[in-house]
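Scroll down for the structure; my scribbles are underneath it.
The values are calculated or read from the model by the stated rules, or taken from the named source; none is laboratory data. Note that the structure is predicted; figures quoted are calculated from it, not measured. All Cβ positions, even for glycine, are placed from backbone atoms using ideal geometry, and neighbour counts span all protein chains on display. Note: accessible area is taken over every heavy atom of the protein model, side chains too, but ligands, DNA and RNA are not part of it. Shrake-Rupley method; radii C 1.70, N 1.55, O 1.52, S 1.80 Å.
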Amino acid sequence: MDENVAEFLRRSILKIPLHAIKTILKTWDFLSENQLETINLRQRKESLAQEIILLCEGKNATLDDMALLDIVYTQVHRHKKLWDVFEMSKEPGEDVDLFDMKQFQASFKKILQRALKNVSVNFRVDQKNAVWIRVAWGTQHSQPNQYKPTFVVYYPQTPYAFISTCPLKSTVPLLHQALKVASKHHQIVHLNLKSRLLDSLKAIVFREYNQLETRFKSDISGGILADRKEPLRCLIKFSSPHLLEALKSLAPAGIADAPLSPLLTCIPSKKMNYFKIRDK
């Protein structure tokens, strides 16, 4: 096995939490069940990594194999990335095309490799049919940096894509072009949606959320708020994976006076999770 591949694998194993190693390796589906059973988790992480490297050497592991392992790790720990949401559109009156996975992958890869000599692209489809794309960027004179890739999560036959922060801003237009052409769209725009909670972003754009309830709760019986009849004026910090939808529930729950300001009620429909308020 190439030393670069071995080092890539070593770093990958070292960043995986010990309790998740067996699960991630099993999902990776590169090593056999018998090989996975031989792995001793009761040892130092560095020794564990060397043991797994030896197992992979026997199967002639490649850089593409390591990239797939990194995708599996990122799928499990997607909250470690900061995700932006992009919406694509077709020309007015244009029909929706049937999605061909092989054609999409070939087109996406071809566009990037035609524009940039040193770039590696890998794909993996998850259980919800979302296409996970891993792009490692190089330059015309240097090999791709496998330790600072960009991830794209695209849901076929929808206009939405979720993209992790790109290490090289100059590659963003190229990535957008590849995504537009491969998915057969003509325009892509950035929505004001950004979060580490990828599932919450998906729930917002696909409107998969349900009504949330917000209530005051205290474990202290007979506390200062127990028998209070007057309204309590205070600064409230909201924390929720579906914060925008929760804003709509404030008045029905009796927490805020109705009607709520349009400044708040319009937020969910605008698909935004951050905004600026300025004086006119």
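Here are some notes:
- Considering the range 139-165, and only residues there that are surrounded by fewer than 20 Cβ atoms within 10 Å (Cβ to Cβ) and in contact with a Leu (Cβ under 7 Å, 6 or more places away or on another chain), the residue that is modelled with the lowest pLDDT turns out to be Thr165.
- Identity of the residue in the range 119-138, part of a loop (DSSP other than H, G, I, E, B) and within 13 Å of Ile71 (Cα to Cα), that ends up least open to solvent (accessible area, probe 1.4 Å): Ala130
- Taken over the range 181-193, the criterion of being surrounded by 15 or more Cβ atoms within 10 Å (Cβ to Cβ) and either at pLDDT 95 or above or not basic (Lys, Arg) (or both) is satisfied by Val181, Ala182, Ser183, His185, Ile188, Leu191, Leu193.
- Within the range 56-71, tally of residues that are of a type in the set (Ser, Thr, Tyr) and without any contact (Cβ under 8 Å) to a residue 12 or more places away in the chain: 0
- The range 59-106, subset polar (S, T, N, Q) and over 22 Å from the mean Cα position of the chain (by Cα), residue farthest from Trp28 (Cα to Cα): Gln103
- Every residue from the range 94-118 that is in a helix (DSSP H, G or I) and of a type in the set (D, E, K, R): Lys102, Lys109, Lys110, Arg114
- Subset tally (residues that are out of contact with any Phe, Trp or Tyr (no Cβ under 9 Å at 6 or more places or on another chain) and not in a loop (DSSP other than H, G, I, E, B)) for the range 21-47: 15
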